[in-house]
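What follows is a single structure, written as structure tokens, with notes after it.
Here, each number is a calculation from the coordinates, and none is a lab measurement. No experiment lies behind these values; they were computed from the predicted model shown. Counting neighbours? That spans all protein chains shown, and the Cβs are built from the backbone with ideal geometry, glycine included.
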Amino acid sequence: MRALGANVVRVHLQVGKFMDAPDRPNANAMRQFTRLLQLAEDTGLYLDVTGLACYRPADTPAWYDALDEPARWAAQATFWESIAEAGAKSRAVFCYDLMNEAVSPAEKRKPGQWPSGSRFGGFDFLQYIALDPAGRTREEIVLQWIERMTAAIRKHDRDALITVGLLPWSRKWKHLSGFVPEKIATQLDFISVHIYPDKELPEEAMEALRVCAVGKPVVIEETFPLSCSAPQFEKFLLDSRELTSGWIGHYDGQSLAEFDALERAGKLTLPQSIYREWQRLMARLKPEFAPDPSTRRARRLTYFRPNACAKGRTSWPMISFGNSSGMPKFCGSRSRGM
């Protein structure tokens, strides 16, 4: 990924791998995470550490989904305390993403119904942060939850940036998740949003991005030409520069040279060809999207907050294109979950 030009990699930490019990992190997983941090430092990459993942239903512990809200939030806080304690020792942490596409409930849900039940390729990427509003608005629940998770992280790491990976606003559903950028901006260091342009609604992606322009830097933490043509996707990326400080897309582990070799052998699949076009676009746009950080323009784009240099950084890097499960003016990559 570094060779491709990325300087940020998004990694997804699974609850089932990192927690043995509500109050007990998995020691082996934490050792592996520490090794990952060192590898990132050695490679010159930064990490978008996305936590509390429960993408594979079969890997989510039964005890975790059996917890009520206070107990589940306590377990989640324990998770983030342990991750931040390790991350605070490393210069490789770009940010902590509290949860991928979290959802606040609009009405009471059944006990244990924390997963969304909406599967994509067998994975459930959405997760509820509460089951019963109990007289609270969706936005109040969100703010309480962010405050609890942030406090857990700040016990050990007072410098790394904190965000939440948001579902996008849409014309049909508006703020489906209950996480409204203008309501949560004061609680986060930057806004992260996941936007996949739709060929049938070519203007909606930019509309969704403008909703996130609420006075904090914006990172498109997930994007990819899943539902649009390559020219439409390139236009969205180019148009998004006026509002965006970084982009993260998808990466499947294969290089351009490997894709080209597969094509020569007549074995390149359609998904692989899409990944290849994404990598080609990344390589072509990177000099414009993520210029040399020594330039004046780059410096204007890289500073996120006054204490962002506390771990010896001269500035935050331009994050490069990339997500691996599936890459931020950064360009970055997203990695498969641990």
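Some notes on this structure:
- Taken about its Cα centre, the range 8-334 carries a charge dipole of roughly 620 debye when the Cβ of each Lys and Arg holds +1 and the Cβ of each Asp and Glu holds -1.
- Summarising the amide proton neighbourhood of T137: residues at separation of 5 or more, or on other chains, whose placed amide H is nearer than 5 Å comprise an empty set.
- The stretch between R154 and D198, if pulled fully straight at 0.36 nm per residue, gains 12.0 nm over its current Cα-Cα span.
- Applying 1/(1 + (r/R0)^6) with R0 = 22 Å to the Cβ-Cβ distance of A62 and R109 gives a FRET efficiency near 0.80.
- The range 162-277 shape via C-alpha gyration tensor axes, a/c threshold 1.5: prolate
- Entries in K108/K183; K108/K174; K199/K267; K17/K89; K172/K286; K110/K183 that, when Cα-Cα distance is taken, lie over 25 Å: K199/K267; K172/K286; K110/K183
- Gyration tensor verdict on the range 60-123 (Cα atoms; rounded if a/c is under 1.5, prolate if a/b is larger than b/c, oblate otherwise): prolate
- S192 long-range amide H proximity, modeled H, under 5 Å: V164, L166, V219
- For M99, nonlocal amide neighbours, meaning residues 5 or more places apart or on other chains whose placed amide H falls under 5 Å from its own, are G51, G165.
- Among beta bridges that DSSP assigns inside the chain, antiparallel share in %, nearest 5: 15 percent
- Computed from the C-beta positions of D239 and S116 and an R0 of 25 Å, the FRET efficiency is 0.25 to the nearest 0.05.
- Shape call, the range 8-334: gyration tensor on alpha carbons, a/c limit 1.5: rounded
- For the pair R31 and K172, the difference between a 0.36 nm per residue extended length and the Cα-Cα distance amounts to 46.3 nm.
- Helix content alone sets the calculated 222 nm mean residue ellipticity of the chain: runs of n ≥ 4 DSSP H residues at -39500 (n - 2.57) each, divided across all residues, give -10500 deg cm²/dmol.
- Loop trypsin sites (Lys or Arg not before Pro), the range 165-226, which have at most 14 other Cβ atoms in a 10 Å radius of their Cβ (DSSP): R171, K172, K199
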